[in-house]
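The values are calculated or read from the model by the stated rules, or taken from the named source; none is laboratory data. The model shown is predicted, which means the values in this text are computed figures rather than measured ones. No Cβ is skipped: glycine too gets one built from the backbone with ideal geometry, and neighbour counts run over all protein chains shown.
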């Protein structure tokens, strides 16, 4: 190819030769890349079309409106056997989001605790925390999921011998059964009260910051806001005559019916995901805190700040900026790892849609394509949110 | 620019590469390769199960071996590809395997929209329930509200939903990826009943640590004819797989076994001679003594059944529907003439 | 005579510090019981250790059975390691023919020797050995494991399994992803907009989806993407999926390494008149590669753990083969032992590698001022 370019008459010897001009070379290179990518894509599409046709496989998205005909153990929206495959997609998606969101919450809390514990000046606690990290980080997640699922199942009693920690709360091998709140007429007022309390807290925080900037006086914002957010809805609830009943679980036949249930699949997956991810988050938190130079802590102490305030006002705001980017990728990992649900039968997207639906319809390409798209979208949304949070945090810096 | 035309040329080459596609039939590629690629389960006692040396045995495995004996003259020229329920059809569609012999139920939509063809029935099965004895349940109609362990991606999943809906009962489906996990889930008490094809229930029961604690309920809630399948569009191969099974059934009917076939052939019985390929051209495109090779190396249907599922096995399943047609069962093969 | 006998002429040696501030007690006071909160924490931790460790140790070591040939040998009520011992060969080598197992051993011995050579400081010819590991060894390993020439019998990949399959998948995944990763990382830092955006899209796509769907795609869709008569082995398809997936992660590691090289190095190389590729190959990449090793090891650990997912597409890696062994009617009910064994093997590998990578990080940290 090079010799072609050299021979070309359009390159007089006085000017830079075509091949030696970086701009033109870059152009050619990029055109080649585009062509190459298109050729590969075209090759794939052609083959696929041909293969699908010659093997008589149905294509298209019409299957989404067909009746699914199988049951799903946990669904956040209305679902029955007569629902369509499109609805199974939705159910799976919501279940994935549910376990990911809960997992992110618990993993973050646990990870921060373990991370701080690793830096504890209590030798035993620090060692225990690092043993936790080293054990759970180095064992495949899949194995941990199996362990929690079958270990937990083995430890729990059968429905008839349920463990009953409180009235109307039952724990057995089929899950954790709790009464479900059933809002009656008039309960909307409580929601409004909550909304007002949150808005009030925001206003309060703004006002106290202004006052602090102006006068230096502190106002106990957090406590007041907490009291407001919990108190106001409670008062309204009481005033409006407690418009809430409970749907209580009761043992009928084989199982408990009514109430809310946390199925063991969800619990095991959640525990495994949280414990596994927390080990990584702990390391991130530890290195984030260690990245704040000692001078900062000493300077803050010298100013007379209490130990809690040193952490809250000086160390954490600075370390958070170091922590957020790697934390984001852990969150993304957790979302992706939630797809291991399929191994223990938690009805997430991969299990319900890329598993059962794919098998019943045989339309691999459409199903896998949709599944991948969902994970990509979730990843992009989470990264976008965390980036936004990060820039906000970064702005606090002067 | 010449590069572009070069790219175009290579793209054209790629296209022509695709154009070559349909040329070779499955039989030719099997002969060329020297072995049959057969999709089986990842491990189900009695149907297809690897021992600790990696040797596969079972009813489904014997069907694969019969096809290898017919096409290549050697029953051991099979490459077993363990597949789970979810990937079995795509493996066949994509050509990764030549045939699928993996406790697969013959249904209309599978024949119609998956691009596959069932070649026959190796085992007439029906879906049933396995339940712990101490619950004291006598009939499947008492199962309202029960938690049910099911293996994902099977017709069982649909049948169970239909059955409970039909009888105005509710149930909680607990779905597992493999049959082992389903058994484990049942054993741990996660569900009250396990539902699967009845024959598999027996196979699963021996995996329990205390098999006598569980019983199989009498109800059969569906028809589950299990058989081998091939890709659509290759009739030659379809015929070979179909007739390999029929040869086994016919052999049992004629009383030919792997032990006596050599002796029986000397007796001059025209039926047996035809069976062994004398004075008949099968037109299947394989060696004339293909049926002889199947019986000699694999055995007849009854032998295979007994060895893998029946009294010669730990499963001890009755012949039932799978007895020959003249013995009160459903197994019937068209004549070989 | 001055009578100063009551005055000492020499200094007395220092008294030891009070017993409460040195030795075991002092250490304990400083590190375990420095205040009330700490004391409570310590006691709680001790209690936790007690309730966790006593039953575990008794189950694993004291009340366990180690020798025998069937389940009847397990009588003491603790762990039955006889199960693992009896199937150890299978857990390591899968269904690989017994007579050919020396080939696996030889392959991994060769690999270990070369890696040790690279890891131990002060050995010569590191560059050469690295080139052998990356270029010559994979070909050699292919012929050794798969066979088909030099008079070696072909061992079909469906007979591969166990730990050796896990290692093969992880090592192939890393070694084959490295060159793609380098190209993608260079592309991502390139000034050509199309090249750059292509690389960004590629990297973010593969990093955005779970490995399970990649494996599904490789096992279910890949065969539809190629002409009908082209047929990939199942293992090969899994490998293709893993390499495509892994090269995106590798690209990010390489990018990190490239960013750590001070700008002066690029400028100096350009000032010497080196073109882009010469600058990269002779100046930047050699320095960056060294910095990347901890990152590469960490990716390797992640991949090594993730290979356990191939059981979902029906390959018999270590976890899958142990699970298969658990369903043997002769050995029912030993799942805890089986899983504990798998966890232990994975843990030993991952922990060892992560310690090595930390050690490297510390070494580079002090040696190089470039960060």
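Observations
- Selection within segment C:327-339 - more than 8 Å from chain A (Cβ to nearest Cβ) and crowded, with 20+ Cβ neighbours inside 10 Å: C:327, C:331, C:334, C:337, C:338
- Restricting attention to segment B:93-109, the residues that are under 14 Å from residue A:359 (Cα atoms) and touching a residue at least 60 places away in the same chain (Cβ under 8 Å) total 3.
- Count - residues of segment C:53-78 that are touching a strand residue (DSSP E or B) at 6+ places or on another chain (Cβ under 8 Å) and more than 25 Å from residue B:51 (Cβ to Cβ): 4
- Residue in segment C:150-157 that is over 23 Å from residue C:134 (Cβ atoms), within 14 Å of chain B (Cβ to nearest Cβ) and buried (at least 22 other Cβ atoms within 10 Å of the Cβ) present: no
- Test: residue in segment A:53-65 that is crowded, with 16+ Cβ neighbours inside 10 Å, away from chain B (no Cβ under 12 Å) and closer than 12 Å to residue A:361 by Cβ: yes
- All positions within segment B:86-116 that are within 12 Å of chain C (Cβ to nearest Cβ) and touching a strand residue (DSSP E or B) at 6+ places or on another chain (Cβ under 6 Å): B:88, B:91, B:92, B:97, B:98, B:102
- Picking from residues in segment B:55-77 that are surrounded by fewer than 24 Cβ atoms within 10 Å (Cβ to Cβ) and more than 15 Å from the chain's Cα centre (by Cα), the one that is farthest from the other protein chains (Cβ to nearest Cβ) is B:73.
- Some residue of segment B:36-50 being within 12 Å of chain C (Cβ to nearest Cβ), in contact (Cβ under 8 Å) with a residue 40 or more places away in the chain and either in a helix (DSSP H, G or I) or more than 21 Å from residue B:179 (Cα to Cα) (or both): yes
- Residue match in segment A:255-265 (condition: in a helix (DSSP H, G or I), loosely packed, with under 15 Cβ neighbours inside 10 Å and either away from every other protein chain (no Cβ under 14 Å) or touching a helix residue (DSSP H, G or I) at 6+ places or on another chain (Cβ under 7 Å) (or both)): no
- Members of segment B:142-157 found to be over 30 Å from the mean Cα position of the chain (by Cα) and part of a helix (DSSP H, G or I), listed by number: B:142
- Taking segment C:209-220 as the range and being without any contact (Cβ under 8 Å) to a residue 60 or more places away in the chain and at the interface with chain B (Cβ under 8 Å from one of its Cβ atoms) as the test, only C:220 passes.
- Condition check for residue C:232: within 14 Å of chain B (Cβ to nearest Cβ) and either crowded, with 22+ Cβ neighbours inside 10 Å or in a helix (DSSP H, G or I) (or both): no
- You will find that of B:181, B:200, the residue that is within 14 Å of chain A (Cβ to nearest Cβ), within 26 Å of the chain's Cα centre (by Cα), surrounded by 16 or more Cβ atoms within 10 Å (Cβ to Cβ) and not in a strand (DSSP E or B) is B:181 and no other.
- Taken over segment B:158-178, the criterion of being farther than 13 Å from residue A:356 by Cβ, modelled with pLDDT of 85 or more and outside any strand (DSSP E or B) is satisfied by B:159, B:162, B:163, B:164, B:165, B:166, B:167, B:168, B:169, B:170.
- Options B:162, B:192, B:144: the member that is buried (at least 22 other Cβ atoms within 10 Å of the Cβ) and outside the structural domain of residue B:56 (by the TED database): B:192
- Residue match in segment C:52-62 (condition: under 30 Å from residue C:332 (Cα atoms), away from chain A (no Cβ under 11 Å) and not in a helix (DSSP H, G or I)): no
- Top-ranked residue in segment C:190-204 [being at the interface with chain A (Cβ under 7 Å from one of its Cβ atoms) and part of a helix (DSSP H, G or I); ranked as farthest from the chain's Cα centre (by Cα)]: C:194
- Matching option when the condition is in a helix (DSSP H, G or I), more than 10 Å from every other protein chain (Cβ to nearest Cβ) and closer than 20 Å to residue A:142 by Cα, among A:313, A:334: A:334
- Test set (1) in a helix (DSSP H, G or I); (2) within 21 Å of residue C:346 (Cα to Cα); (3) touching a helix residue (DSSP H, G or I) at 6+ places or on another chain (Cβ under 6 Å); (4) touching a residue at least 40 places away in the same chain (Cβ under 8 Å) - residue C:95 fails condition number: (1)
Quick grid of which residues meet (1) crowded, with 24+ Cβ neighbours inside 10 Å; (2) on the phi < 0 side of the Ramachandran plot; (3) touching a helix residue (DSSP H, G or I) at 6+ places or on another chain (Cβ under 6 Å):
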| position | (1), (2), (3) |
| --- | --- |
| C:279 | no, yes, yes |
| C:283 | no, yes, yes |
| C:289 | no, yes, no |
| C:303 | no, yes, yes |
| C:309 | yes, yes, yes |
| C:318 | yes, yes, yes |
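- Any hit, segment C:91-101, residues being away from chain B (no Cβ under 14 Å) and buried (at least 20 other Cβ atoms within 10 Å of the Cβ): no
- Test: residue in segment C:79-86 that is touching a strand residue (DSSP E or B) at 6+ places or on another chain (Cβ under 7 Å) and either without any contact (Cβ under 8 Å) to a residue 60 or more places away in the chain or loosely packed, with under 15 Cβ neighbours inside 10 Å (or both): yes
- Boolean, residue C:270 is within 18 Å of the chain's Cα centre (by Cα) and within 14 Å of chain A (Cβ to nearest Cβ): no
- Between B:130, B:83, the distinction of being touching a helix residue (DSSP H, G or I) at 6+ places or on another chain (Cβ under 9 Å), away from chain C (no Cβ under 14 Å) and farther than 22 Å from residue A:66 by Cβ belongs to B:130 only.
- Selection status of residue B:219, touching a residue at least 24 places away in the same chain (Cβ under 8 Å), more than 30 Å from residue B:30 (Cα to Cα) and out of contact with any helix residue (DSSP H, G or I) (no Cβ under 8 Å at 6 or more places or on another chain): no
- Condition broken by residue C:186, with the remaining ones in (1) modelled with pLDDT of 90 or more; (2) farther than 30 Å from residue A:28 by Cβ; (3) away from chain B (no Cβ under 14 Å) satisfied: (2)
- Some residue of segment A:132-151 being more than 30 Å from residue A:286 (Cβ to Cβ), modelled with pLDDT under 85 and within 14 Å of another protein chain (Cβ to nearest Cβ): yes
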